[in-house]
Each structure stands twice: as C-alpha cells, then as structure tokens.
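Notes for the one structure printed next.
The values are calculated or read from the model by the stated rules, or taken from the named source; none is laboratory data. The shown structure was predicted, so the numbers you read here are calculated from the model rather than taken from an experiment. Neighbour counts run over all protein chains shown; Cβ positions are idealised from the backbone, glycine included.
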Amino acid sequence: MCSNMPLRCNATSFRYSNGLPLALAVLFVASLGTCHAQQVVFQFDAQKNAVTTQSNIVWTSISRTPEKPLKLVADKNEWQFTNQNGSASVANVGGITATPLEFETDTPTNVVVRHIVAVVTNPEEIRALSTLFCGELVYRAASRPWNTMSSTNAAIDRGRFCAVAWKIDGVEGAPLVGGKNQLLEITFSSDVMAHTMGIGNDTGRREWLRAYCGDFKEILAFSAPISGDARDAVLYYLNVKWRLGLSVPRATTWQVAEARALGTHFGSFFGSLLILR
C-alpha cells in the first residue's frame, strides 16, 4: 500500500522533515515508482537514438516504459537528424508535403497519450494548419485571426478536432513564434492511442500540405497530466538542457524524484543534485 506520509527532502542535505532514518527515507523515495502509476509513454531526445538507415530515420525512445521502447520511423528524405552548433534536432527537410514521423507497426494498441511536453524549433514562417501532433485529436497552428497561409506568429487551432489545452513557454494559450525554440505543454481532452499518432504532420493525405516545417528536439508523452512537482522538474530540465532562457525555478530533489517515479529519463543531468551526504 502506498504511504500518504508527507515526506519531503532538502535538495542539498537530504534531511527529511518527518524525521525518518536516512536508510528508510531512501527506500521510501525508491518506492515512489511503485506508488505512482508509470506514466511515461515515450521520451524522444534528439541527442540520443536517432539513426539513419538506407531509407529511413529511426528514432528510439529512451524512456523506461513500456518495456519495449517505442520507435518513430520516417523517410530519410523527409526527416533528418541534424546537429548545428551542438544543438541536435530531428528536422523536417521535406517541406510541407513531408509525411509524419509515425510509430512502428508493432506498437501496442493499448498505449494512450494524454499529455505531451516538447521542445521544438519553429520555422521562420509558420504555415496555417501545420500539424505538430495528430491522432484522434490534433495539435496544430490555426489560420485565424490572420487567415493567411503563413505568418511569423501562429495561434493554436481550437476547432472541432483540436480539443486540447496548451501552454507555450509556460504561458497558457500563447502563440508559436517563428524561428524560436519553444517549450510546448499539450493536454488532449481525451486519451489518444499512441499507435494512431503522427508527429510533424496529419496522418492523412500529403496534398493537405500540413507538415510542420520545424525541428523536434525532445518530446515526452505521459498517459495522464502530470503533477505540479513532476512538471516543475521536467520544465527545469528542458529549459536548462536546451538553453531556452525561460524563467523557471530550479527543481528540488523531491520534484526530480517525483518525475523519475513516473518514468522520466534525466540521464546524469541531476546527478550532483541527488548525491546523498
């Protein structure tokens, strides 16, 4: 049974406010993974696991769940791994007709996505109706209020098939900005099946010309909206790692543990923060 004990720790000394012995407290933190449902569906990091084969790019998730990491596949003539000035991306090089990055055909049919956190680099001009994430629901740029085919700024579609809530750079309802690295937080109004998702375009016809012509740097998907503590850790990690320059508070050890318990992969990013002393 999961404990409701209000355990908290100090980020520098690991002195626990409830007076638990250190060994017991460490065991409790380790047990967070069993207390929380494992919610990370996939985590794609452009600095890792993007491999080009003879015909495709294959991008493998680094998340710990599910047991078999999910893989995105696309035509290498349409999506390519790039690394410019030390900033890695999986980039659309095929333009507005590029087909989406899609999951392998053997992706389990019972894996759901409800919440996405991603870092993208927007194209200089953002085409109306360009789609970033598409499944049963869609997250894409809108054609209004400008009602033009391209713009340096773009609102997000609130239409019939776009029942989502979002924050951009931590601001609810903010626009995409052309040529800028931005942090997206997307919550779909209902579960989206992972195996139906396309990333970077609609999963429909090329002649719709809806490909997102930017780059993806990192994408984390959760099966449910994450807690405030876990969110704070994920946003701090992405902000510093990708040099976004956002005003995001430093994550505490407790927040990092909460995010890791959901299956978030930080690598060695918080290694010094979690040293026991």
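What is the residue count in the range 211-235 for residues that are under 16 Å from residue 249 (Cβ atoms) and either of a type in the set (A, V, I, L, M) or surrounded by 24 or more Cβ atoms within 10 Å (Cβ to Cβ) (or both)? Talk me through it step by step, then tell me what you get.
Filtering the range 211-235 for residues under 16 Å from residue 249 (Cβ atoms) gives 227-235.
When the remaining residues are screened for being either of a type in the set (A, V, I, L, M) or surrounded by 24 or more Cβ atoms within 10 Å (Cβ to Cβ) (or both), the result is 230, 233-235.
Residues that pass the stated criteria total 4.
Given the condition among the basic types (Lys, Arg), in a strand (DSSP E or B), at pLDDT 90 or above and at negative phi, answer yes or no: does some residue in the range 227-234 qualify? If you could, list the steps in order and put the result at the bottom.
Within the range 227-234, the subset among the basic types (Lys, Arg) is 231.
Applying the additional criterion that residues be in a strand (DSSP E or B) yields none.
No, because not a single residue in the range 227-234 is among the basic types (Lys, Arg), in a strand (DSSP E or B), at pLDDT 90 or above and at negative phi.
When you look at residue 181, is it modelled with pLDDT of 90 or more and over 12 Å from residue 114 (Cα atoms), yes or no?
On the way: modelled with pLDDT of 90 or more: yes; over 12 Å from residue 114 (Cα atoms): yes.
Yes, satisfied.
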Check your understanding: What number of residues within the range 187-225 are of a type outside the set (Gly, Ala, Ser) and within 19 Å of residue 89 (Cβ to Cβ)?
Key -> 10
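Residue-wise test of (1) under 25 Å from residue 240 (Cα atoms); (2) surrounded by 19 or more Cβ atoms within 10 Å (Cβ to Cβ); (3) free of Cβ contacts under 8 Å to residues at least 40 places away in the same chain; (4) touching a strand residue (DSSP E or B) at 6+ places or on another chain (Cβ under 7 Å).
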site: 89; (1), (2), (3), (4): yes, yes, no, yes
site: 92; (1), (2), (3), (4): yes, yes, no, yes
site: 104; (1), (2), (3), (4): no, no, yes, yes
site: 108; (1), (2), (3), (4): no, no, no, no
site: 125; (1), (2), (3), (4): no, no, no, yes
site: 130; (1), (2), (3), (4): no, yes, no, yes
Review point. Could you list, in sequence order, the residues of the range 195-223 that are over 18 Å from residue 50 (Cα atoms) and touching a strand residue (DSSP E or B) at 6+ places or on another chain (Cβ under 7 Å)?
Key: 195, 197, 201, 202, 203, 210, 211, 212, 213, 222, 223
Practice item. Report the residue count in the range 70-93 for those that are outside any loop (DSSP other than H, G, I, E, B) and among the charged types (D, E, K, R). Key: 2
Check your understanding: Is there a residue being crowded, with 17+ Cβ neighbours inside 10 Å, of a type outside the set (A, V, I, L, M) and on the phi > 0 side of the Ramachandran plot anywhere in the range 251-271?
Key -> yes
